[in-house]
Amino acid sequence: MAHKITLIPGDGIGPEVTRAAIRVLEATGVKFEWESFEAGAEAYEKYKEYIPKALHDSIERTRVGLKGPVTTPIGGGFSSINVELRKRFELYANFRPIRNLPHIPTRYPDVDLIIVRENTEGLYSGIEHEVVPGVVESLKIITEKASTRISRFAFKYARENKRKKIHAIHKANIMKLSDGLFLRCSRNIAKEYPEITYGEHIVDNTCMQLVMNPYQYDMLLMENLYGDIVSDLCAAFVGGLGLVPGA
């Protein structure tokens, strides 16, 4: 029996990347049936929708999607397809292991970090508007629900996979209410996992600490925007973005 998978080839390098991924998957001998859809600008030209209803319906039906990169306009244009898909399907946990691959020399050998990033809210969710000409307001939404569930995801993974330490990364010294709420939720969940060492670091200091000594960290738990930036920084430890998987 073939496994039905929703395929979003993407644009730019997207189709090249997804073709290679498909070759790898099909080389396993497992049978796949691909339902391919466009998204972003190419989809809009045809369907007047950036995420066509047929694509949405396919993901609902197959429950599995393979997606290549889709261009996001800078400083204007349509919203990020990634962000829209995350919100629509409640894909709240972004999981990125940072590990060295064999035979690829780097400045930092034997790195073993895991970044767990809240994926649906915070500044990265792109809720913004122009108040008056020349004044733009960008909203950072942090909720107890989302902060608690991403914390629970991180600690549950740590327990099941014998990880020893989690640091919550924040800017609560300045954003006392929003990042403060994220920290309170993390602390509450940490109490349920006494075998896991829990710590907290401010995000800018974390970047410096990572560059000086990435081995001091085990798992990093953070809000959406911080996770996007720090996970790219950590990818450099093992050779670059193309070598770091994400789920």
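The values are calculated or read from the model by the stated rules, or taken from the named source; none is laboratory data. Just so it is clear, the structure is predicted and the values come from calculations on it, not from any experiment. FYI the Cβ positions are ideal-geometry reconstructions off the backbone, even for glycines, and counts take in every protein chain you see. To get the accessible areas, we keep the full protein, side chains included, count just its heavy atoms, and leave off ligands, DNA and RNA. Shrake-Rupley method; radii C 1.70, N 1.55, O 1.52, S 1.80 Å.
Annotations for the structure displayed:
- Single residue of Y157, Y193, Y92, Y124 found to be surrounded by 15 or more Cβ atoms within 10 Å (Cβ to Cβ), more than 21 Å from the chain's Cα centre (by Cα) and touching a residue at least 24 places away in the same chain (Cβ under 8 Å): Y193
- Number of residues in region 231-247 that are among the aliphatic types (A, V, I, L, M), within 16 Å of Y108 (Cα to Cα) and in contact (Cβ under 8 Å) with a residue 60 or more places away in the chain: the value is 4.
- Cβ pairs under 7 Å, 6+ apart, first in region 101-112 and modelled with pLDDT of 95 or more, second open to solvent by less than 100 Å² (accessible area, probe 1.4 Å) and among the β-branched types (V, I, T): V111/I98; V111/V238
- Taken over region 173-190, the criterion of being without any contact (Cβ under 8 Å) to a residue 12 or more places away in the chain and among the small types (G, A, S) is satisfied by G180 alone.
- Test for E84: is it open to solvent by 30 Å² or more (accessible area, probe 1.4 Å), within 22 Å of T120 (Cα to Cα) and touching a Phe, Trp or Tyr at 6+ places or on another chain (Cβ under 9 Å): yes
- Some residue of region 128-135 being within 24 Å of N82 (Cβ to Cβ), at pLDDT below 95 and either among the charged types (D, E, K, R) or in contact with a helix residue (DSSP H, G or I) (Cβ under 6 Å, 6 or more places away or on another chain) (or both): yes
- Scanning region 53-85 for residues that are touching a helix residue (DSSP H, G or I) at 6+ places or on another chain (Cβ under 6 Å) and among the small types (G, A, S), we see that the one that is nearest to E35 (Cα to Cα) is G65.
- Residue match in region 24-38 (condition: in contact with an Asp or Glu (Cβ under 7 Å, 6 or more places away or on another chain) and aliphatic (A, V, I, L, M)): no
- Per this entry, V135 is counted among residues that are among the β-branched types (V, I, T) and open to solvent by 60 Å² or more (accessible area, probe 1.4 Å).
- Qualifying residue in region 160-183 (condition: touching a Lys or Arg at 6+ places or on another chain (Cβ under 6 Å) and surrounded by 13 or more Cβ atoms within 10 Å (Cβ to Cβ)): yes
- Here is the figure for region 197-217: residues that are open to solvent by 20 Å² or more (accessible area, probe 1.4 Å) and outside any helix (DSSP H, G or I) total 6.
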